[in-house]
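To start, the structure under review is shown below, and the notes come after it.
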Amino acid sequence: MPPLTHPLSLTFRIGLAAAATAALVACGTTGPTKGSGNPGAAAQAKPQFIRPASGTTLARFNGKSNKGIDIAGSAGDPVLAAADGRVVYAGGQLRGYGNMLIVKHNETFITAYAHNQALLVKENEIVRQGQKIAEMGKSEADRVKLHFEIRKDGTAVDPEPYLSGRLR
C-alpha cells in the first residue's frame with residue numbers, strides 16, 4: 001500500500017481495516033525476506049523472534065479465546081519488534097485490538113502487537129528486531145498490556161516456543 005499524504009476517508013479506513021484482517025489471516029502482502037540470494041531460500045527463511053515486552057505473561061495462548069499471549073506492563077513501556085520486517089498495518093480499526101501494528105517478516109510469519117497507547121511506526125516502514133515500535137497501553141483492553149500474536153501461514157501459533165528459541 002503506497003504512503004498517503006492526505007487525510008483518509010472513512011470508506012478507505014474501513015477498507016484498510018479489512019485489509020489488516022486479511023493480513024492477520026493470510027499473510028498476503030509482501031515484506032522483507034531473508035536468504036542467500038537463492039529465490040527459494042528467501043521464502044523458506046524463518047525469523048528468530050525476541051520477546052516484544054519485558055513484563056510477565058498475564059495470559060497464555062490457547063488457540064480459541066486467546067490467539068497469542070498477553071504481557072503485563074505500565075502505560076508507555078516500550079514495545080519492541082520481535083524480528084525484522086515491514087509494517088503492513090498500523091491503526092485502530094480492528095475491533096477488540098485497539099491500536100495495533102502488524103509486521104510481516106517473510107512469506108510465512110507475521111506478528112501483531114495490540115492495545116498500544118502510541119504507534120511509533122507507519123505502514124510500509126521497515127523495522128528491525130529490538131526497535132521500539134509502540135508504547136504499551138490499554139486501548140480496547142481492561143488493563144495496560146500488550147497482546148502479542150505470531151501467525152504462521154495465516155494461522156495463530158503459540159508464541160512461547162518461538163520466543164524461547166525452541167522453534168524457528
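Give me a comma-separated list of calculated 3J(HN,Hα) values for segment 131-148, in order, Karplus coefficients 6.51, -1.76, 1.60 applied at θ = phi - 60°, integers in Hz, x for any Gly or Pro.
With the stated coefficients, segment 131-148 comes to 5, 6, 10, 7, 10, 4, x, 9, 4, 6, 9, 7, 7, 5, 5, 10, 9, 10 Hz.
What does the highest-first list of 100-107, 60-67 look like by mean Cβ count within 10 Å?
On the way: 100-107: 24.8, 60-67: 12.5.
Result, highest mean Cβ count within 10 Å first: 100-107, 60-67.
Aspartates and glutamates near residue 152 by alpha-carbon distance under 16 Å, same-chain residues fewer than 8 away left out - which ones?
Answer for residue 152, where 16 Å is the Cα cut-off: 84, 107, 160, listed by chain and number.
Give me the Kirkwood hydrodynamic radius of segment 65-168, using the inverse of the mean 1/r over all pairs of distinct Cα atoms, in Å to one decimal.
On the way: mean 1/r = 0.0745 Å⁻¹.
This gives a value of 13.4 Å.
Roughly to the nearest percent, how much of the accessible area of segment 44-168 is carbon and sulfur, given a 1.4 Å probe? Kindly include the intermediate steps, with their values, before the conclusion.
Working: 2380 of 5410 Å².
The C+S portion of the solvent-accessible surface of segment 44-168 is 44 percent.
Using the basic label-point model (7 angstrom from Cα toward the beta carbon), what is the residue 152 to residue 132 distance in nanometres?
Placing both labels 7 Å along Cα→Cβ, they lie 3.2 nm apart.
What is the distance in Å between the Cα centres of segment 123-167 and segment 45-78?
Spelled out, the Cα-based centre of one part sits 6 Å from the other.
So which chymotrypsin sites (Phe, Trp or Tyr not before Pro) in segment 98-168 are both in a DSSP loop and have at most 12 other Cβ atoms within 10 Å of their Cβ?
Details: sites: 109, 113, 148, 162; in loops: none.
Counting only loop positions with at most 12 other Cβ atoms within 10 Å, none of the chymotrypsin sites (Phe, Trp or Tyr not before Pro) in segment 98-168 qualifies.
Which stretch or stretches of segment 68-89 have amide N atoms under 19 Å from the point lying 7 Å from residue 120's Cα along the Cα→Cβ direction?
71-89
Using only the alpha-carbon atoms, what does segment 90-148 span along each of its principal axes? Please give whole angstrom values in decreasing order.
So the three principal-axis extents are 32, 20, 16 Å.
The values are calculated or read from the model by the stated rules, or taken from the named source; none is laboratory data. Only a predicted model underlies this, so the values are computations on that prediction, with no experimental measurement involved. Quick reminder, even Gly has a Cβ in these numbers, built from the backbone with ideal geometry, and neighbours come from all protein chains shown. In case anyone asks, the SASA skips ligands and DNA or RNA and just uses the protein heavy atoms, side chains included. Shrake-Rupley method; radii C 1.70, N 1.55, O 1.52, S 1.80 Å.
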